[in-house]
Amino acid sequence: MTVSADTRPHPDFPADFRGTALRPGDDRYDAARVLYQGRAADEEPALIAQCIDEGDVAAALRYASEQRIPVAVRGGGHGSDGHAMPGGALVLDLSPMKAITVDPRERVVRAQPGVLLGELDAAAQEHGLTVPAGTVSSTGVAGLTLGGGIGHLMRRFGATVDNLLACEMVTVDGRKVRADEAENPELFWALRGGGGNFGVVTTFEYRAHPVGPEVVAGQLIFPFEQAADVLAGLPGVMAAAPRELGLLAAIAPAPALPMLPEEAHGRPVLVLVPVYTGEPATGAEVIAPLVALGRPLADLVTKMPWLQANRMLDAVAPYGKRMNLRGGYLPALSTGAIDALVSSAASSPAHPGGATTINLWCMGGAISEDTSEDAMAFSREGAAWLWEAVGMWDAPEQDAQYARWATDLDALVRPLSLTNGYTNLTEDLGAQWRRGVHGSEAKFRRLRAVKTAWDPYNLLRFNKNIAPEPTP
Ligand SMILES: Cc1cc2nc3c(=O)[nH]c(=O)nc-3n(C[C@H](O)[C@H](O)[C@H](O)COP(=O)(O)OP(=O)(O)OC[C@H]3O[C@@H](n4cnc5c(N)ncnc54)[C@H](O)[C@@H]3O)c2cc1C
């Protein structure tokens, strides 16, 4: 992974910037450039501008615009491409901007771009509410929302962008604008799925929903030998399931739990992760058909607080590992797709400290049926399941082996996948992929027109880039 910029920012950073500007060698520089993607540690940004408010964002962007310096943006630091800290670049680090306000009467939550999902969840749950978002608490709201946002609640309430009411954004030349259905609607259309291409968002405004405090959730662990049969039964069960049931199926290393045989620890198993947010008393009945798909080694489904359910996956998401990520949409969980995923899991590299996980997210319900494909940049047309393959390891010498695993898996699963996809749960797969990932050619052209209007010189290019039309 090499993400680098040629242009070094000028040493005299603007005087009206009130945050902290960190350069290589400064005390807090190394801590500031740590990302979830461990391979980012190989890169040294030229300057990390830690912004404390939108005034700082505007000052830094005015400076970058005047000098025509490309700008990278760091929100929560979870982006798998490491675009948040490219070598040699000027980085706007928004992590100090952490304000959250909850209006419980209107059920509206506002969050700044340094907020992490665990913080958003905790603030909203104080009022019995939640914003539908992702499943690992250290993920940032910013990148997640701009890409789309999927999680345990997507079948019930849709993607995060389906619940986004407005953004406040600083333009590349330092102006503050609002984007919602009434004001700058075309920009708002693009911000809901088009990523960080158009400006720097300083506030996200969301519709929240009552959830919890108790839900029924946990893990059903099946032996690897049953994986193909259990997966084959999932579409039928989920077609009959209520929207309140979210489901992730993961082929992952077995956790070292006392109820699992010791020889199974660390070897692949199939884990179903149901999260039921309907009436808890009916949870067992709703989840029973999943249990009946095989003979689970362990049934760890139980009542638990929503806050706990929505951070269950933290345990398998350690910060700072070297990682790769491939993903896409499947129109159906066909036998061919199941074979490809199960055989890839069986051929995963095995190193101490390394792991591979293949996730399948069940779509359907609100995310698939309640919002039309052309309503926003985020695409979901035809997607019944979202697959995601994650490799995590420690040593740079193992990069090639995990890259090969991801490439081989991709070669098997990509031909079965749709052209459109979810940008956040895969690495960037190149210009042709970027052209189709938001759906139709008309959507791509519309995105490019918005990019050209708001960032004609492509200063925001460290992202899944939508290149502007060439300037005359
Ligand atoms: C362990 C893990 C679990 C995940 N789980 C989920 C999940 O459950 N659901 C899901 O939908 N996704 C999930 N993701 C993917 C996640 O949505 C993306 O990685 C997302 O980019 C993270 O956003 P961030 O702000 O943390 O990342 P960053 O790396 O900080 O940002 C990613 C990119 O977003 C852009 N950006 C960030 N902030 C701004 C801003 N304020 N204005 C303009 N552009 C900005 C920049 O281009 C930046 O490079 C997960 C990722 C990981 C690593």
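Rounded to two decimals, what ratio of Rg to Rh does the chain give with C-alpha atoms and a Kirkwood Rh?
Values: Rg = 21.6 Å, Rh = 22.6 Å.
Ratio value, two decimals: 0.96.
Pulled fully out, how much extra length does the chain show between Ala41 and Ala350, if you take 0.36 nm times their separation in residues and subtract their Cα-Cα distance?
Values: separation 309, 0.36 × 309 = 111.24 nm, distance 2.30 nm.
Using 0.36 nm per residue and subtracting the Cα-Cα distance, I get 108.9 nm.
In debye, nearest 20, what is the charge dipole magnitude of the range 20-93 about its Cα centre with +1 on Lys and Arg Cβ and -1 on Asp and Glu Cβ, if you could check?
Working: 7 positive and 12 negative charges, 27 e Å.
Charge dipole of the range 20-93: 120 debye, to the nearest 20.
Calculate, in nm to one decimal, what Asp339 and Ala99 gain on full extension: separation in residues at 0.36 nm each, minus their alpha carbon distance. Let's see the in-between values first.
Working: separation 240, 0.36 × 240 = 86.40 nm, distance 4.60 nm.
Result: 81.8 nm gained on full extension.
Report the extension gain between Arg445 and Ile52 in nm, rounded to one decimal, defined as 0.36 nm multiplied by the number of residues separating them, less their alpha carbon distance.
Numbers: separation 393, 0.36 × 393 = 141.48 nm, distance 3.49 nm.
Answer, rounded to one decimal: 138.0 nm.
Using each residue's phi in the range 388-393, evaluate 6.51 cos²θ - 1.76 cosθ + 1.60 at θ = phi - 60° and report the 3J(HN,Hα) Karplus result to the nearest Hz, with x for Gly and Pro.
Rounded to whole hertz, the list is 8, 10, 10, x, 9, 7.
Once Rh is set to the Kirkwood radius over Cα pairs, what Stokes-Einstein translational diffusion coefficient, in µm²/s, holds for the range 138-185 at a temperature of 10 °C and a viscosity of 1.306 mPa s? Walk me through the numbers before you get to the answer.
Details: Rh = 12.1 Å.
Estimated diffusion coefficient is 131 µm²/s.
Taking R0 as 41 Å, what's the FRET efficiency between Asp399 and Ala232 from their Cβ-Cβ distance, rounded to 0.05?
Working: r = 34 Å, r/R0 = 0.84.
Step by step, r from the Cβ atoms, then E = 0.75.
Would you kindly give the portion of the calculated P(r) for the range 214-425 that falls above 33 Å, as a percent of all Cα pairs?
On the way: 2778 of 22366 pairs.
Everything past 33 Å amounts to 12 percent.
Within 15 Å, Cβ to Cβ, of Asp42, how many net charges do the neighbouring residues add up to if Lys/Arg are +1 and Asp/Glu are -1? Numbers along the way, then the final one.
Numbers: positive: Arg33, Arg39, Lys321, Arg322; negative: Asp30, Glu43, Glu44, Asp81, Asp394, Glu397, Asp399.
The answer is -3.
Compute the helix-to-body angle for 441-454: its Cα long axis versus the longest principal axis of the chain, expressed 0 to 90° and rounded to tens.
Approximately 30 degrees, to the nearest 10.
Can you list the GluC sites (Glu not before Pro) in the range 96-177 that are in a DSSP coil and have 14 or fewer other beta carbons within 10 angstrom? Walk me through the numbers on the way to the answer.
Values: sites: Glu106, Glu119, Glu126, Glu168; in loops: Glu106, Glu126.
Passing both the DSSP loop test and the Cβ count: Glu106, Glu126.
Projected onto the charge dipole of the chain (+1 at Lys/Arg Cβ, -1 at Asp/Glu Cβ, origin at the Cα centre), which of Ala256, Phe13, Ala133 gives the Cα projection farthest towards the positive end?
Most positive-ward Cα: Phe13.
Student exercise: in the chain, how many lysine pairs 8 or more apart or on different chains have Cα atoms under 28 Å apart?
11
Nearest 10 degrees is fine. How inclined is helix 335-346 to the longest principal axis of the chain, computing both from alpha carbons?
Its long axis makes an angle of about 80 degrees.
Compute, for the range 214-425, the length of the dipole vector about the Cα centre, with Cβ point charges of +1 (Lys, Arg) and -1 (Asp, Glu) only. Units Debye, rounded to 20.
Values: 11 positive and 22 negative charges, 55 e Å.
Here the size comes out at about 260 debye.
Across the Cα atoms of the range 100-210, what radius of gyration and what greatest pairwise Cα-Cα distance (Dmax) are found, in Å?
13.0, 40
Got a sec to turn the phi values of the range 307-320 into Karplus ³J(HN,Hα) couplings, 6.51 cos²θ - 1.76 cosθ + 1.60 with θ = phi - 60°, whole Hz, x for Gly and Pro?
4, 6, 4, 7, 10, 3, 7, 4, 4, 10, 10, x, 6, x
Residue by residue through the range 185-194, which ³J(HN,Hα) values in whole Hz follow from phi under the Karplus form 6.51 cos²θ - 1.76 cosθ + 1.60 (θ = phi - 60°), with glycine and proline marked x?
Result, rounded to whole Hz: x, 5, 5, 4, 4, 6, 5, 7, x, x.
Kirkwood hydrodynamic radius, computed over distinct alpha-carbon pairs, for the range 166-268: how many Å, to one decimal? Before the final figure, lay out each step's value.
Numbers: mean 1/r = 0.0542 Å⁻¹.
Result for the range 166-268, one decimal place: 18.4 Å.
Can you give me the distance in nm between label points at Glu279 and Glu225, each placed 7 Å from the Cα along the Cα-to-Cβ direction?
So the label points at Glu279 and Glu225 sit 4.1 nm apart.
Can you give the translational diffusion coefficient of the range 70-112 in µm²/s, computed by Stokes-Einstein from the Kirkwood radius over Cα pairs at 37 °C and 0.692 mPa s? Intermediate results must be reported in sequence, preceding the final value.
Numbers: Rh = 12.2 Å.
Here the translational diffusion coefficient equals 270 µm²/s.
Would you please report the Å³ per residue occupied by the convex hull of the alpha carbon atoms in the range 20-93?
Working: hull volume 6.0 nm³, N = 74.
It is 80 Å³ per residue.
At Glu381 and Thr452, where each label point lies 7 Å from the Cα along Cα→Cβ, what is the point-to-point distance in nanometres?
2.2
For every other residue with a beta carbon closer than 11 angstrom to the beta carbon of Gly55, add +1 if it is Lys or Arg and -1 if Asp or Glu, then tell me the sum.
Values: positive: Arg18, Arg62, Lys176; negative: Asp16, Asp53, Glu54, Asp56.
Computed value for this residue: -1.
Rounded, prolate or oblate: which fits the range 363-472 when a ≥ b ≥ c are the square roots of the eigenvalues of the alpha-carbon gyration tensor, with rounded for a/c under 1.5 and prolate only if a/b beats b/c? Each step should come with its number before you reach the end.
Numbers: a/c = 2.40, a/b = 1.25, b/c = 1.92.
Oblate.
For the pair Leu165/Ala431, report the inter-label distance in nm, with labels modelled 7 Å from Cα in the Cβ direction.
Placing both labels 7 Å along Cα→Cβ, they lie 4.2 nm apart.
Ignoring everything but the protein chains, give the 1.4 Å probe accessible area of Trp361 in square angstrom, nearest 10.
Approximately 10 Å² for this residue.
Projected onto the charge dipole of the chain (+1 at Lys/Arg Cβ, -1 at Asp/Glu Cβ, origin at the Cα centre), which of Leu270, Leu307, Gly364 gives the Cα projection farthest towards the positive end?
Farthest towards the positive end: Gly364.
With charges only on Cβ, +1 for K and R and -1 for D and E, what is the dipole size of the chain about its Cα centre, in debye, rounded to 20? Intermediate results must be reported in sequence, preceding the final value.
Values: 40 positive and 55 negative charges, 102 e Å.
Here the size comes out at about 480 debye.
In degrees from 0 to 90, rounded to the nearest 10, what is the angle of the helix 227-239 Cα long axis to the longest principal axis of the chain?
So the helix axis and the longest Cα principal axis differ by about 80 degrees.
Considering only DSSP beta bridges where both residues belong to the chain, give the percentage that are antiparallel (nearest 5).
On the way: 67 of 77 bridges.
Bridges in the chain that DSSP calls antiparallel: roughly 85 percent.
Out of all DSSP beta bridges in the range 20-93, what portion is antiparallel? Express it as a percent rounded to 5.
On the way: 3 of 11 bridges.
Around 25 percent of the beta bridges assigned by DSSP in the range 20-93 are antiparallel ones.
Please report how far the C-alpha centroid of the range 88-148 lies from that of the range 327-342, rounded to the nearest whole angstrom.
Each part's Cα centre sits 32 Å from the other's.
The values are calculated or read from the model by the stated rules, or taken from the named source; none is laboratory data. Keep in mind the model is a prediction, meaning the values are calculated, not measured. Ideal geometry is used to build each Cβ from the backbone, glycine not excepted, and the neighbour counts take in all protein chains shown. Only protein heavy atoms, including side chains, enter the accessible area calculation; ligands, DNA and RNA are left aside. Shrake-Rupley method; radii C 1.70, N 1.55, O 1.52, S 1.80 Å.
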